[in-house]
Structures are given as C-alpha cells and as structure tokens.
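Novice: Below is one structure. I have some questions about it.
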Amino acid sequence: MLRNKEAFKEAFVTKLQSMFGKSISDASVTDKYVALARVMRDNISMDWVQSNDQYTEKEEKQMYYFSMEFLLGKFLDMYLINMGLKETCQEALSELGISLEELEKEEPDPGLGNGGLGRLAACFMESLAALQLPGHGCGIRYKYGLFEQRILDNNQAELPDNWLKDGYVWEFRKPDKAVEVHFGGNIRMEEQDGRLNCIHENYEAVAAVPYDVPIIGYRNNNVNTLRLWNAESINDTFDLASFNRGEYLQAMEYRASVGMISKILYPQDNFYEGRLLRLKQQYFFTSAGLQSIVRRFKKKYEDIRLLPDKVAIHINDTHPAVAVPELMRLLMDQEGLGWDAAWDITRRTISYTNHTIMPEALETWPIDMFKQLLPRIYMIVHEINEQFCKELWKQYPGNWDRIANMAIIADGLIHMARLSVVGSYSVNGVAAIHTDILKNHIMADYNQFYPGKFNNKTNGITHRRWLVKANPKLSALLNETIGETWVYNPMDLKELSKHADDKRVLEQLRRVKQNNKKALAKYIKDQNGVTVDPNSLFDVQIKRIHSYKRQILNLLHIMDLYNRLQENPDLDIVPRTFIFAGKAAPGYYIAKQTIKLACTMAAKINNDKRIKDKLKVLFLENYSVSLGEVVFPGADLSEQISTASKEASGTGNMKFMMNGAVTIGTMDGANVEIRQEVGDENIFIFGLTSDQVFDYYNRGGYNAWDVYNNDLRLKTVMEQLSSDYLGVDRGEFQPLYSYLLHNNDEFFVLKDFSAYAKAQSDVDLAYRDKDAWAKKSLQNIANSGIFSSDRTIMEYAEDIWKIWPVNVLGKRKK
Ligand code: 26W
C-alpha cells in the first residue's frame with residue numbers, strides 16, 4: 001500500500017482531503033501530523049487483524065503483561081522505522097515541502113508512568129512484537145499522565161499533563177469489549193443445588209472500556225495489543241436507567257466518582273501511600289483485564305482448566321497483585337470451579353517481578369479498607385492466607401515468628417508482595433545483585449520455602465528506540481563498520497570491539513559524539529539560555545530525584561570542584577558540563593530541595609566569570625522519554641551513583657552505555673553486570689559495596705559526623721550548604737544539611753564522598769587522552785548488546801512464560 005513514495009504521497013494527500021477537507025497549503029502542522037499518523041494507522045490495522053486471527057487460529061499461548069504504568073514515548077518515528085518506511089516517508093513528505101521532523105513534534109509523549117518500572121514495560125512491549133512473540137499489555141488509560149515539570153525561581157512546579165487534549169491517533173476505542181467492575185457492597189451466601197454460592201449485592205458498578213494501542217514489530221507482520229482501560233459510568237456505556245428514574249444528582253455524583261478512577265497517575269516512585277483511590281485503580285484494571293482474557297479464552301476453548309497452557313499473566317511489581325484473588329474469584333464464582341482446582345490454575349498462570357527493595361515502597365493495605373472496597377476479594381485473600389499459614393505450620397511447627405513474618409495478613413495489614421509470591425509460580429528480580437538480595441535477605445524465608453521459584457531476569461532496553469531511533473548517526477556508523485545485523489541481533493555489536501584500535505573508527509566515533517553533543521548544546525541554549533562548550537566533558541545524571549539515587553552526592557562534589565576553582569582559577573581540570581534532569585514527587589520535600597539546590601548552583605556557577613567557563617551546571621526541565629532521546633546520545637559520562645543495594649537494576653545506565661557514555665558508578669543494580677561486560681578499565685567504580693552497607697545497617701558503626709569532621713573539603717561544602725553562600729537565605733538548604741547529618745546519612749553520601757571525588761579525578765585524567773577515551777566509549781557500545789530487552793524478553797519467554805514466536809503471514813508486502 002505504501003510501497004513507494006508516490007503511493008505514500010497519494011495516501012497522504014487523500015487523507016488530508018478526506019479528514020480535513022484541506023489541501024497541503026491550507027493545512028496546519030497539526031492537520032498534517034494527524035493525516036500522516038492516520039495513513040500509518042490504516043496500514044497497521046491490516047496487520048493487526050491478521051496477527052490476532054493467526055494467534056487465535058494457531059492456538060498459541062498468549063502472555064499478558066499487567067502493569068499500572070507504561071511510559072511509552074512517541075510512536076510515529078518508531079513505527080516508521082519498524083515498518084521500514086522511514087526513508088520513503090521522509091522523501092515523500094519533502095517532495096511535498098513538508099518536514100517529517102516538524103510533524104513529529106506534534107505527537108504527544110504519553111507519560112503514563114513514573115520512571116524505571118513504566119519505561120521497562122514499554123521496552124518489553126516493543127521487544128515482544130519484534131521477536132514475534134504473542135505478548136500484550138494491560139494497563140490504565142490515565143487522562144492525566146505524570147505531571148509536567150516547570151522550573152520557576154529554581155523550584156519545581158507541577159502542571160497537569162493533559163496529553164489527550166487533541167486526541168490520540170494511536171488508540172482504538174472498543175466499546176463492544178467493555179466489561180463491568182464491581183466495588184463495595186456485601187456478600188451473601190446462598191445454597192443452590194447443594195453448592196454454596198457467593199452473591200455480591202449492593203455494589204457500585206463501573207464500566208471498563210478498552211482503548212487498544214497497536215504495538216508493531218520490527219520488519220515483521222506482528223502487531224500486538226496494549227489494552228488501556230478507561231473508567232466510565234454504566235449509564236454512559238450501558239443504559240440510562242437511573243437518569244430515567246429521575247435520580248439526576250446521584251447519577252452525576254456517581255459519574256464524577258467513576259471518572260476519578262482513570263483520571264490520574266499517582267506521581268510517586270518508590271514510595272507507597274495507601275490511598276483508597278489507588279486500590280480502586282489497581283482492582284479496576286486488573287479485574288477488567290482478567291475478565292477480558294477469560295472471555296477471549298472461552299470463545300476458543302471449552303475447558304477452563306486449560307488456562308495455564310494457553311495464557312500467562314505477568315504482574316509488574318505488586319500493583320496488580322489483586323490478580324491472584326481476582327482470578328480465583330472468576331474461576332470459582334463465574335466458572336464454578338472448586339477452591340483446589342482454582343488455586344492450582346491460578347498458581348500456574350501468574351508470575352511476578354519485584355522491582356525494588358526500598359522498604360517504603362512496599363505495598364500493604366489496611367484490612368478494613370480492603371474489605372470494604374473489595375468484600376469478595378478480601379474473603380478469598382483471607383482463605384489463601386489461612387491455607388498458607390497451615391502449610392507453614394506443618395513445615396515450621398511452633399515457629400510463630402517465622403510464620404508471622406511470612407503470613408499474607410499480619411498486623412492488620414495485607415502484604416501485597418507476600419500475596420504475589422504465594423500466588424505465583426515464578427518470582428524474579430531485575431539484576432543479578434538484586435535477585436541475590438531478594439533470595440538471601442528480603443525474601444530469604446520464601447526462597448527456602450519455595451526452592452526454585454526465585455530467578456533473575458536482568459533488565460534490558462529496546463535498542464531500536466534507544467539506539468536506532470535516538471542516535472541515527474551512531475547507527476549509521478555501526479552499519480558502515482560492522483554491517484546491519486546488530487539491529488536484529490544486538491549481540492553482534494560485539495563485532496565493534498575488533499575496531500577498538502582502529503584510529504579511523506575511533507575518530508569517526510568521536511565525530512558522531514561531537515555532533516550529538518552539539519545538538520544537545522543547542523537544546524540547552526534554546527531551553528535554558530546557557531551556552532555550553534561541546535568540547536567540555538558532558539557529565540549527566542538524569543533519572544527520578546530520590547535520596548537513594550544520591551543526586552546530592554553529585555552536587556556536593558560540584559561544589560567542591562567550584563571551591564577549588566575559586567581558590568585557583570588556573571586549576572588544571574578538564575572543562576565540564578554537568579547536566580541534571582528528573583522529576584521529584586510533588587510531596588517529597590528533600591527531593592524538591594535537591595532540584596532547588598541544583599538550579600541555585602547553576603545560576604551561581606554559570607555566571608561566575610572567574611572560573612573561565614570550566615564548569616557549567618544545567619538542570620533540564622521536564623524529563624521525559626523524548627528528552628532522554630536527546631540527552632543520552634550526547635553524554636560522555638553516565639552517573640549511576642546510588643547507594644549500593646538500593647537500585648534494583650537501573651535502565652538509564654544501559655541507555656547511556658549503548659550510546660557510548662562511560663559509567664561512573666557504585667556496585668549496585670545492573671552496574672555490576674555492566675562492569676563485567678566492559679571490564680574494569682572501561683568503567684569507574686567507587687564506594688561502599690552492598691555487603692558493607694548491610695553490615696552498617698545490621699551492626700551499626702557508621703557515624704556521619706566522624707566523616708564530616710575528618711574531611712575538610714567535605715566539611716567546607718556542607719557548611720556552605722547551611723549558610724547564605726549560594727546567595728539564598730541562610731537556612732534555605734539547612735534541611736538538606738540536617739537530613740544528611742542528623743539522620744546519620746542513611747544513604748552514605750558523606751561516607752562515599754571521598755571515594756567519589758577520587759573516581760571523578762580519575763575520569764578527569766582519562767578524558768584527557770582522546771583516543772583512550774574514544775576506545776572506552778567504543779567498548780561500552782560493543783558490549784551493550786546483552787542489555788537489549790530482546791535478550792531479557794527471550795529469557796522471560798523461555799524460562800517463565802513458555803511462549804514462542806508466531807510468524808504472522810501478512811497480506812502486505814514489506
Ligand atoms: C507504590 C509506589 C511505588 C511506585 C513505583 C512503588 C514502587 C514503584 C516502582 C516499583 C519503582 C520502580 O520503578 N523501580 C525501578 O524499576 C526499574 C525497572 O526494573 C529498575 O531498573 C529500577 O532500579 C527500580 O528502581
């Protein structure tokens with residue numbers, strides 16, 4: 001259909017006419033974007049129908065990835081690349097006098113996620129389709145995604161992210177596939193034909209209406225489905241009964257409360273707050289997703305007992321953990337199975353990934369709240385717990401402590417991680433060190449009780465978005481140097497290592513980086529009004545702002561460098577541009593102060609003529625997938641400096657590596673595996689190890705004041721922090737100072753300061769040798785293939801889900 005540029009031009013012009021009644025010269029940029037996207041959409045839908053038909057025909061097992069977050073990023077460019085239409089489209093448009101890049105700016109960047117967990121889900125979707133695997137997503141169509149961040153007077157301000165305001169071309173509303181979800185009410189037991197049935201009464205019914213987003217594979221015909229659920233009132237979707245009865249006010253109230261369910265994404269990352277609305281969101285999309293899966297399954301198969309052979313359900317952290325009791329409910333109350341059969345099926349269908357060991361992120365729900373909102377689900381959780389505790393008692397008679405620590409319901413709370421472990425057949429961590437910590441510390445009791453259930457799946461990122469799309473210049477150089485197979489098989493990037501001593505390749509690589517740095521410098525100039533030198537070392541930390549990620553450590557080190565430059569403006573250091581970006585949860589005071597500190601330092605340092613432009617500090621507003629695509633390709637140094645043991649994996653670290661940045665980092669998360677891949681000479685590792693961190697937590701022996709008093713450079717910056725030195729009121733940053741010292745520095749910022757400063761001076765030395773640095777950069781790219789989410793997804797598919805590629809035969813020739 002879009003085989004050549006003439007066909008493309010015709011399709012585009014026709015679409016513009018039929019949709020808007022306009023010619024090219026009349027049409028606005030938005031019109032043109034929508035018309036182009038619509039042309040693509042038409043083209044995708046044929047393959048989509050084919051994929052669904054063939055998945056069903058071939059009776060292949062399907063996997064459904066349940067996630068409260070999908071941080072998707074823009075699709076237009078990605079789809080053009082995956083469909084092999086980018087060049088055709090570019091040429092066709094340019095002959096019509098239109099710039100593709102300009103149209104791409106019109107697409108909203110759906111921020112339906114907070115950070116790592118949500119972006120991982122999006123990378124997984126892309127890899128599943130690329131690998132021809134029948135795997136789909138299930139989530140919430142939030143009306144408002146993660147807030148838009150503005151910096152006003154050095155402070156973060158939050159604006160609503162009204163991403164749907166001009167419509168979203170990639171979604172397909174499917175009202176005929178709507179289901180009902182029930183909240184509240186009471187349960188009545190009724191005997192019927194010798195069976196005890198549960199009758200749920202007086203509930204509030206909500207309509208869940210799916211909006212499907214196609215996820216298209218790379219140069220194949222596979223199109224998978226991301227199903228996002230929208231909450232609507234039953235009256236809107238099914239009937240107008242209550243309006244007709246004249247209950248106008250109640251109907252309006254009900255409608256408003258229903259609308260809230262899919263209205264907003266909670267903006268906390270790694271921090272749990274037990275809000276009723278959040279539990280409602282969790283049950284809403286989980287129940288809707290499971291109902292639609294069971295319905296689809298039953299269309300094809302008669303025997304519900306086959307479910308685990310044909311369906312895998314994965315829960316992304318504990319947010320969809322109510323899937324365990326909800327599937328039990330459907331199997332028992334709807335399908336009429338007994339407890340044992342339902343439990344057996346549930347536990348062979350559900351698998352679970354843990355993404356954090358931060359204690360403040362663990363979800364628990366007060367029994368009363370849970371019971372009131374989900375009375376039937378509570379009964380089931382209660383019974384699961386009873387039976388599990390009996391098993392524990394058999395295994396550990398009399399060991400009350402152990403049983404209390406493992407029970408799903410304890411201390412008036414329902415522990416969702418425990419429910420997820422008990423109700424699933426596989427539990428995985430997201431990097432080797434993280435899985436070790438789960439197995440040996442956080443979930444050691446369960447690991448002993450369920451030998452073999454715990455396993456590791458080191459995270460990955462889709463190299464098609466983060467390299468092919470985000471860094472076309474590097475991709476072109478790779479194609480030229482090692483051929484094009486790496487796009488299909490990212491492990492082939494290893495071939496690049498053979499060129500590690502080839503001066504010409506190193507020079508070309510440097511030139512690519514230099515060009516990407518220029519593009520980033522331009523972005524910085526446009527956005528922040530600051531001129532930065534592309535020859536300086538671009539040192540980047542972009543991620544959520546969180547104490548454990550230690551942006552403060554980076555900032556304290558910059559202050560120290562600045563002090564030294566002020567003492568001696570001729571100090572021989574490599575000029576550096578420090579770049580930060582990231583959002584702070586709106587209620588997270590320390591994180592917001594950290595942003596303020598970065599912005600305040602930027603204002604002071606960037607305007608200080610004495611230091612001869614040797615230091616620049618930037619805080620880039622509104623970190624998002626789109627901003628990441630500009631920043632990663634232009635980075636020289638990747639800051640991965642979390643307190644060891646705290647960052648489950650990290651995935652930004654992989655995006656930097658794949659784009660040729662060298663890491664400075666702790667032995668935490670996937671940094672450990674990055675080091676293993678690139679070798680010690682191509683990474684800068686420093687700081688406490690996770691064992692040392694655990695030792696301090698368990699045995700004590702750390703005193704932040706001792707470190708403070710014994711390190712003059714550190715003491716100086718800390719004192720500056722609590723003074724008016726930065727041109728703010730004395731006391732403005734006192735909370736940061738107190739936070740570090742008075743809480744005895746729970747994330748070991750002071751403890752790791754000198755090791756970090758030393759590693760940074762090693763970086764400074766290494767960067768001076770241009771060839772040697774380019775070689776480090778090259779080795780990082782060459783060894784990044786293992787961190788493609790294709791590898792990760794293959795492991796999940798083979799070890800956990802047991803799903804296999806389906807070669808969809810397309811009608812359309814590509
Ligand atoms: C209930 C509040 C809440 C919200 C989000 C608790 C926990 C979360 C997520 C699990 C936090 C998260 O995104 N974790 C990150 O997951 C990434 C993907 O596996 C990892 O790479 C990061 O290290 C981890 O912090």
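Coordinate-derived values only; no laboratory data. Keep in mind that this is a model prediction, so the values were computed, not measured. We place every Cβ from the backbone using ideal geometry, glycine too, and count neighbours over all the protein chains shown.
Novice: Provide K543, K15, K390, K494 in ascending order of the number of other Cβ atoms located within 10 Å of each residue's Cβ, fewest first.
Specialist: Numbers: K543 25, K15 21, K390 11, K494 17.
Fewest to most other Cβ atoms nearby, the residues stand as K390, K494, K15, K543.
Novice: Tell me, what is the percent relative contact order of the chain, built from C-alpha pairs under 8 Å that lie six or more residues apart? Kindly include the intermediate steps, with their values, before the conclusion.
Specialist: Numbers: 1447 pairs, mean separation 115.7, N = 814.
Over the chain, the number comes to 14 percent.
Novice: Roughly speaking, what is the centre-to-centre gap between the stretch 343-411 and the stretch 578-617 when only Cα atoms are used, to the nearest Å?
Specialist: 44
Novice: Another question, if that's okay. How high is the FRET efficiency between M260 and L306 when r is their beta carbon distance and R₀ equals 35 Å, given to the nearest 0.05?
Specialist: Numbers: r = 38 Å, r/R0 = 1.08.
It comes to 0.40.
Novice: Hey, another quick one. Hey, how much of the P(r) for the stretch 667-734 falls beyond 15 Å, as a percent of Cα pairs? Can you show the working numbers first?
Specialist: On the way: 1595 of 2278 pairs.
Distances greater than 15 Å cover 70 percent of the Cα pairs.
Novice: Right, here's the next one. Can you put W466, W339 in order, fewest other beta carbons within 10 Å first?
Specialist: With the sparsest Cβ surroundings first, the list reads W339, W466.
Novice: Right, another one. Does the chain classify as rounded, prolate or oblate by the C-alpha gyration tensor (a ≥ b ≥ c root eigenvalues; a/c under 1.5 gives rounded; else a/b over b/c gives prolate, otherwise oblate)?
Specialist: It comes out oblate by the Cα gyration axes.
Novice: Now, a different point. Looking at the square roots a ≥ b ≥ c of the eigenvalues of the Cα gyration tensor of the stretch 248-363, which shape do they give, rounded for a/c under 1.5, prolate if a/b is larger than b/c, or oblate?
Specialist: On the way: a/c = 2.51, a/b = 1.31, b/c = 1.91.
Here the stretch 248-363 falls in the oblate category.
Novice: Continuing with this model, one more query. Using a ≥ b ≥ c from the Cα gyration tensor of the stretch 679-718 (square roots of the eigenvalues), is it rounded, prolate or oblate, where a/c under 1.5 gives rounded and otherwise the larger of a/b and b/c decides, a/b for prolate?
Specialist: Oblate, because a/c is 1.5 or more while a/b does not exceed b/c.
Novice: Length gain on complete extension for the stretch D26 to R504, per 0.36 nm per residue less the alpha carbon to alpha carbon distance?
Specialist: 167.2 nm
Novice: Same structure again: What residue among A178, N607, H441 has its Cα farthest toward the positive end of the dipole of the chain, where the charges are +1 on Lys, Arg and -1 on Asp, Glu, each on the Cβ?
Specialist: N607
Novice: 222 nm [θ] for the chain, helices only, -39500 (n - 2.57) per DSSP H run of 4+, per residue, to 500?
Specialist: Only helices count here, giving -14000 deg cm²/dmol.
Novice: A further question on this structure: Sort out for me the Cα centre separation of the stretch 21-44 from the stretch 146-214, rounded to whole Å.
Specialist: Measuring centre to centre over Cα atoms gives 31 Å.
Novice: Each label point is 7 Å from the Cα along the Cα-to-Cβ direction; what then is the distance between the points at K174 and A410, in nm?
Specialist: Roughly 4.1 nm, to one decimal.
Novice: If you don't mind, there's one more thing I want to ask. Rank these for me by crowding, E106, E746, E95, going from fewest to most other beta carbons within 10 Å.
Specialist: Listing E106, E746, E95 from fewest to most nearby Cβ atoms yields E95, E746, E106.
Novice: Which value, in debye to the nearest 20, describes the size of the charge dipole of the stretch 642-773 about its Cα centre when Lys and Arg Cβ atoms bear +1, Asp and Glu Cβ atoms bear -1, and nothing else is charged?
Specialist: The dipole magnitude comes to about 100 debye.
Novice: Give me the distance in nm between label points sitting 7 Å out from Cα along the Cα-to-Cβ direction at Q372 and S761, one decimal.
Specialist: That separation, rounded to one decimal, is 6.0 nm.
Novice: Here's a follow-up. If you count the DSSP beta bridges with both ends in the chain, what percent of them are antiparallel, to the nearest 5?
Specialist: Antiparallel bridges make up about 45 percent of those DSSP assigns within the chain.
Novice: Okay, next question. If you filter the stretch 438-543 for GluC sites (Glu not before Pro), then keep DSSP loop positions with at most 13 other Cβ within 10 Å, what is left?
Specialist: When the GluC sites (Glu not before Pro) of the stretch 438-543 are filtered for loop state and at most 13 Cβ neighbours within 10 Å, E484 remain.
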